[in-house]
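Single-structure report; data block below.
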Amino acid sequence: MDVNGYDGSRSSRQGGSQLKYVLFVCNHNAGRSQMAQALFERHAPDDVRPESAGSTPATQLWPNVVEAMREIGIDLAGRRPRKLTVEMQLHADWAVTMGCGDACPYVPTRVEDWDIPDPAHKPIETVRDIRDEVENRVQALIENRLPEIRSDRTSHQVRLARLLPDLAREFGDLRSDADIRSCADAILADYQEAPVRSFVMTIAHRRTRQCLAAERCDPAATL
């Protein structure tokens with residue numbers, strides 16, 4: 001496990017059960033997502049672990065954020081911004097985005113967006129308000145969403161997690177995120193009962209690419 005609390009492995013166990021991971025993402029991983037990770041660590045049970053990352057990470061955490069968190073007994077001085085990677089997206093069971101725009105992660109389960117201001121270069125009084133809002137959101141997430149976060153992913157969700165990053169890289173300039181996900185969802189639905197084997201992914205990937213490359217995306221036309 002590194003200084004940011006990321007252990008890089010889904011094989012970790014807590015009391016015989018597989019750990020679940022919540023991914024917090026913002027632009028620079030220097031403010032909001034770092035606060036969310038630290039506050040989730042404070043309030044959440046041990047079997048659900050937080051991670052955070054940024055689409056364009058800064059070189060260090062914003063000093064006003066470090067100070068505001070120190071005021072409530074959380075030391076972020078040793079943490080560093082991290083780059084959002086495909087591995088982290090596939091690793092997550094839940095994701096929360098905060099202003100990451102087009103770089104928001106493709107997570108196979110639920111992605112929710114929190115409309116929270118960026119604390120960069122804000123006065124400490126404003127950062128305290130942002131910190132408190134992040135804490136309220138984190139506590140609500142823990143109180144209301146833990147059963148969903150702890151639930152196991154279906155084979156459909158696992159396949160979707162593997163398909164979306166490549167499709168986004170290839171078609172992101174031509175299709176919206178929603179269109180890409182919708183097309184992949186529709187095609188993968190044809191294989192709901194199929195075992196998780198590589199031939200399903202190969203066929204689904206080919207069909208989804210054909211569908212997205214067409215003027216009108218029609219999954220039935222790719223059969």
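Key figures for this structure:
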{"item": "Residue list for segment 142-158, restricted to those being more than 15 Å from the chain's Cα centre (by Cα) and modelled with pLDDT under 75", "result": "Asp152, Thr154, Ser155"}
{"item": "Complete set of residues in segment 25-46 that are touching a helix residue (DSSP H, G or I) at 6+ places or on another chain (Cβ under 8 Å) and either modelled with pLDDT under 95 or surrounded by fewer than 16 Cβ atoms within 10 Å (Cβ to Cβ) (or both)", "result": "Val25, Cys26, Asn27, His43, Pro45"}
{"item": "Near pairs, Cβ below 6 angstrom, 6+ apart or cross-chain, from segment 55-75 (over 17 Å from Ala120 (Cα atoms)) to any residue that is among the small types (Gly, Ala, Ser) and modelled with pLDDT of 95 or more", "result": "Ile74/Ala38"}
{"item": "Residue check for Gln60: modelled with pLDDT of 90 or more and either of a type in the set (Asp, Glu) or surrounded by fewer than 16 Cβ atoms within 10 Å (Cβ to Cβ) (or both)", "result": "yes"}
{"item": "Scope segment 67-87; condition farther than 30 Å from Ala161 by Cβ and outside any loop (DSSP other than H, G, I, E, B); matching residues", "result": "Glu67, Ala68, Met69, Arg70"}
{"item": "Among residues of segment 168-223, those that are at pLDDT below 85, surrounded by 18 or more Cβ atoms within 10 Å (Cβ to Cβ) and of a type in the set (Gly, Ala, Ser), counted", "result": "0"}
{"item": "Yes/no for Arg49 being in contact with a strand residue (DSSP E or B) (Cβ under 6 Å, 6 or more places away or on another chain), of a type in the set (D, E, K, R), surrounded by 21 or more Cβ atoms within 10 Å (Cβ to Cβ) and not in a helix (DSSP H, G or I)", "result": "yes"}
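The values are calculated or read from the model by the stated rules, or taken from the named source; none is laboratory data. Nothing here was measured: the structure is a model prediction, and the numbers come from that model. Here the Cβ is made from the backbone with ideal geometry for all residues, glycine too, and neighbour counts use every protein chain on show.
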